[in-house]
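This report refers to the structure that appears directly beneath it.
The values are calculated or read from the model by the stated rules, or taken from the named source; none is laboratory data. Quantities reported herein were computed from a predicted structural model and do not represent experimental measurements. Quick reminder, even Gly has a Cβ in these numbers, built from the backbone with ideal geometry, and neighbours come from all protein chains shown. Side chains included, ligands, DNA and RNA excluded: accessible areas come from the protein's heavy atoms. Shrake-Rupley method; radii C 1.70, N 1.55, O 1.52, S 1.80 Å.
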Amino acid sequence: MGVPVGWLPSQPEPSGFRERGMNRTILSVAVALLCAPASLSVPAIGAETMDVPSLFATAQREGRVGLARKSKLIDARPATPGEIVVSVIAGEGEETRSKPAEAGDMVVRNRCEVTGHEQYLVKAGSFAQRYEGPLGAVGAEGWTPYRPRGVDMLYVIVREADGRFTFTAPWGEPMVARPGDAIVRDPHDANDTYRVARDAFSCTYEIIKAPKAARTPL
């Protein structure tokens with residue numbers, strides 16, 4: 001809306017002109033905010049991608065890497081070729097999902113009530129290296145007990161300062177890590193790195209060598 005015809009700057013402003021000008025200014029500011037670049041928006045929680053090798057390197061320099069061993073019995077069954085295993089943590093939701101299973105792969109189910117006995121896919125070669133058995137007869141739905149072989153794994157606990165982040169699991173799918181979780185890595189294969197939920201780690205792993213540095217409070 002323009003200046004009324006015949007109005008001079010020396011004359012009093014027409015009634016309602018100032019209010020209309022203020023409304024127009026407010027509208028312009030609102031439009032500018034709506035059209036602001038997406039970079040000004042607040043990033044989604046967990047959207048940050050973490051460079052896990054760098055995370056481990058930093059943790060090792062600071063003495064925050066320890067050794068742990070999976071020790072609790074698990075149940076396993078042969079995977080159906082093409083099967084996709086979705087790992088769900090109780091109270092948290094989906095942790096990750098596997099690539100389609102191939103012949104010889106196994107579905108592992110943790111014996112951990114607090115996490116909901118989460119399941120995940122283990123490749124045939126890795127399963128033979130990490131588990132021994134079967135230790136009993138095949139049970140309902142094809143589950144059979146196996147014992148971990150006691151492979152020592154490096155681990156680092158995610159700190160509050162690290163925040164919540166994502167990284168790519170060995171099977172090519174994203175994993176979300178949260179403060180308190182453990183990032184576990186095969187000391188002989190840096191590519192074999194994955195997240196173990198806080199409760200699952202305390203439920204199924206035993207600490208072989210605690211980190212040198214005192215753990216930062218979570």
Exercise for review: Name the one entry in GLU206, GLU141 that is more than 29 Å from THR49 (Cβ to Cβ), among the acidic types (Asp, Glu), open to solvent by 60 Å² or more (accessible area, probe 1.4 Å) and within 23 Å of the chain's Cα centre (by Cα).
Suggested key: GLU206
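Kindly indicate whether GLY63 is touching a residue at least 24 places away in the same chain (Cβ under 8 Å) and on the phi > 0 side of the Ramachandran plot.
For GLY63, the condition - touching a residue at least 24 places away in the same chain (Cβ under 8 Å) and on the phi > 0 side of the Ramachandran plot - is met.
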Revision key, fill the gap. Selection from segment 104-123 of residues open to solvent by 40 Å² or more (accessible area, probe 1.4 Å) and either on the phi < 0 side of the Ramachandran plot or within 19 Å of the chain's Cα centre (by Cα) (or both) yields ARG109, ARG111, GLU113, VAL114, GLY116, HIS117, GLN119, TYR120, LYS123
Study note, to complete from the structure: Considering residues that are in a loop (DSSP other than H, G, I, E, B) and modelled with pLDDT of 95 or more, the number found within segment 76-98 is 7
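From the list ALA90, ALA79, ALA101, pick out the single residue that is among the small types (Gly, Ala, Ser) and open to solvent by 30 Å² or more (accessible area, probe 1.4 Å). Before the answer, list the steps.
Working: ALA79 fails: open to solvent by 30 Å² or more (accessible area, probe 1.4 Å); ALA101 fails: open to solvent by 30 Å² or more (accessible area, probe 1.4 Å).
Only one candidate qualifies: ALA90.
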**Study point:** Residues located in segment 176-194, provided they are more than 15 Å from ARG64 (Cβ to Cβ) and either outside any strand (DSSP E or B) or modelled with pLDDT of 95 or more (or both)
**Key:** ARG178, PRO187, HIS188
Check your understanding: Just a yes or no: is a residue in segment 126-139 part of a strand (DSSP E or B), in contact (Cβ under 8 Å) with a residue 24 or more places away in the chain and not hydroxyl-bearing (Ser, Thr, Tyr)?
Key -> no
Point to revise | Which numbered condition TRP171 misses (of (1) of a type outside the set (Ser, Thr, Tyr); (2) open to solvent by 60 Å² or more (accessible area, probe 1.4 Å); (3) free of Cβ contacts under 8 Å to residues at least 40 places away in the same chain) | key: (3)
